[in-house]
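Novice: One structure coming up, written as structure tokens, with questions to follow.
The values are calculated or read from the model by the stated rules, or taken from the named source; none is laboratory data. Source: prediction; values computed, not measured. With ideal geometry, Cβ positions are generated from the backbone for all residues, glycine too; neighbour counts draw on all protein chains shown.
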Amino acid sequence: MHPIAKDPLLRVEGLSKVFRSGEAELVLFENLSFQVAKGTMLAIVGQSGAGKSTLLHILGALDRPSAGAVYCANSHVNTLSEDDAAEFRNREIGYVWQFHYLLPEFTALENVAMPLLTRGQPLSTAEQEASRWLREVGLEQRGHHRSGELSGGEQQRLALARALITQPQVLLADEPTGDLDGRTGELVFELVARLHREHQLTSLIATHNLAFARRCHRVLRLDQGKIEEVAPESLPA
Ligand SMILES: Nc1ncnc2c1ncn2[C@@H]1O[C@H](COP(=O)(O)OP(=O)(O)O)[C@@H](O)[C@H]1O
Ligand SMILES: [Mg+2]
């Protein structure tokens with residue numbers, strides 16, 4: 001069940017992030033080190049403001065650390081040039097955010113097809129693949145609806161399809177159920193778990209829902225600038 005620890009897809013070494021504004025300095029975290037084996041579904045928990053989003057941004061090459069190193073899927077992520085970082089994100093990472101950032105005026109199908117179009121794939125191929133992904137997330141009936149017309153849970157399903165259509169190795173999800181009610185959040189979490197399994201992803205999911213964290217292989221808690229491993233079964237169900 002537990003993925004084998006000897007095959008780390010992600011390696012974080014001595015990672016720090018400090019925000020400076022004028023004289024003030026906020027040390028968000030310092031000297032974080034951990035590894036994540038391929039196939040792991042890992043939850044990152046911690047209070048609001050603990051630095052979960054900032055950590056995910058750094059791991060996904062959207063932000064840079066103040067010190068330390070991130071190695072992911074054979075890239076030294078934090079030393080990539082802008083162009084190489086964009087290429088790395090496009091090739092290796094699928095992102096899902098609390099607020100999905102879909103294009104509301106475009107249809108569900110167009111939103112999902114977009115990452116393939118920006119890669120230069122022909123429209124017909126991109127739309128065919130997008131249809132397949134809409135089926136995977138249970139939205140095959142909604143392809144021609146504008147994404148802005150869909151419910152919160154449907155939009156998050158769509159965001160997952162868009163994140164995974166490029167077949168990334170790594171899924172980074174930042175509070176993917178944070179804006180949803182209990183039952184809808186549950187269904188979206190189940191979908192994340194199924195897609196994780198079926199596509200052999202390595203998934204890092206920031207969540208403040210401890211019942212969801214409990215269902216992951218591993219849990220890391222970010223607290224006061226330090227990271228600690230928490231046994232999932234020690235969390236409340
Ligand atoms: N660009 C920035 N400049 C200064 N402070 C920031 C910046 N980005 C985030 N922060 C601060 O870092 C802290 C952690 O933010 P965040 O990573 O969003 O935490 P979380 O996702 O755990 O709620 C917050 O206090 C936030 O105000
Ligand atoms: Mg956050």
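Novice: Only one of (1) assigned to a helix (DSSP H, G or I); (2) at pLDDT 95 or above fails for R89. Which number is that?
Specialist: R89 satisfies every listed condition except (2).
Novice: Keeping to the range 46-64, report how many residues are more than 9 Å from ligand 1 (Cβ to nearest atom) and within 15 Å of L204 (Cβ to Cβ).
Specialist: Going through the range 46-64 one residue at a time, the tally reaches 5.
Novice: Would a scan of the range 44-55 turn up a residue that is in a helix (DSSP H, G or I), of a type outside the set (D, E, K, R) and within 18 Å of T79 (Cα to Cα)?
Specialist: Within the range 44-55, one or more residues are in a helix (DSSP H, G or I), of a type outside the set (D, E, K, R) and within 18 Å of T79 (Cα to Cα).
Novice: Scan (1) surrounded by fewer than 14 Cβ atoms within 10 Å (Cβ to Cβ); (2) at pLDDT 95 or above for the single condition F106 breaks and write down its number.
Specialist: F106 satisfies every listed condition except (1).
Novice: State whether the residues of the range 154-174 include one that is touching a Ser or Thr at 6+ places or on another chain (Cβ under 8 Å), over 26 Å from C72 (Cα atoms), more than 16 Å from ligand 2 (Cβ to nearest atom) and among the charged types (D, E, K, R).
Specialist: Within the range 154-174 (the criterion being touching a Ser or Thr at 6+ places or on another chain (Cβ under 8 Å), over 26 Å from C72 (Cα atoms), more than 16 Å from ligand 2 (Cβ to nearest atom) and among the charged types (D, E, K, R)), the answer is no, since none of the residues qualifies.
Novice: Which count do you get for residues in the range 201-237 that are in contact with a Lys or Arg (Cβ under 8 Å, 6 or more places away or on another chain) and of a type in the set (S, T, N, Q)?
Specialist: Selection size over the range 201-237: 1.
Novice: Give me the residue from the range 19-40 that is touching a Leu at 6+ places or on another chain (Cβ under 9 Å) and farther than 19 Å from A61 by Cβ and, out of that set, modelled with the lowest pLDDT.
Specialist: Here the residue is R20.
Novice: Right, next: Find all pairs meeting these conditions: Cβ atoms under 7 angstrom apart; at least six residues apart or on different chains; first residue within the range 131-146 and in contact (Cβ under 8 Å) with a residue 24 or more places away in the chain and surrounded by 14 or more Cβ atoms within 10 Å (Cβ to Cβ); second residue part of a loop (DSSP other than H, G, I, E, B) and not β-branched (V, I, T).
Specialist: L134/G143; R142/L150; R146/P104; R146/E105; R146/F106
Novice: Let me ask something additional. Assuming T40 fulfils every condition listed in (1) under 19 Å from E228 (Cβ atoms); (2) among the polar types (S, T, N, Q); (3) loosely packed, with under 14 Cβ neighbours inside 10 Å; (4) more than 15 Å from ligand 1 (Cβ to nearest atom) apart from one, which condition is it?
Specialist: Failing condition for T40: (3).
Novice: Here's a follow-up. Keeping to the range 161-209, report how many residues are charged (D, E, K, R) and part of a helix (DSSP H, G or I).
Specialist: Count: 7.
One line per residue, one yes/no per condition, for (1) modelled with pLDDT of 95 or more; (2) under 25 Å from R218 (Cβ atoms); (3) crowded, with 20+ Cβ neighbours inside 10 Å:
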| residue | (1), (2), (3) |
| --- | --- |
| L158 | yes, no, yes |
| A173 | yes, yes, yes |
| A193 | yes, yes, no |
| E198 | yes, yes, no |
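Novice: Sticking with this one: Can you name the residue in the range 64-78 that is at pLDDT 95 or above and surrounded by fewer than 20 Cβ atoms within 10 Å (Cβ to Cβ) and is also farthest from ligand 2 (Cβ to nearest atom) among such residues?
Specialist: This residue is H76.
Novice: Taking into account only those residues within the range 204-234 that are closer than 17 Å to V96 by Cβ and of a type in the set (V, I, T), which is surrounded by the most Cβ atoms within 10 Å (Cβ to Cβ)?
Specialist: My answer is I205.
Novice: For the range 109-130, which residues satisfy the criterion of being charged (D, E, K, R) and either part of a loop (DSSP other than H, G, I, E, B) or more than 21 Å from R89 (Cβ to Cβ) (or both)?
Specialist: R119, E127, listed by residue number.
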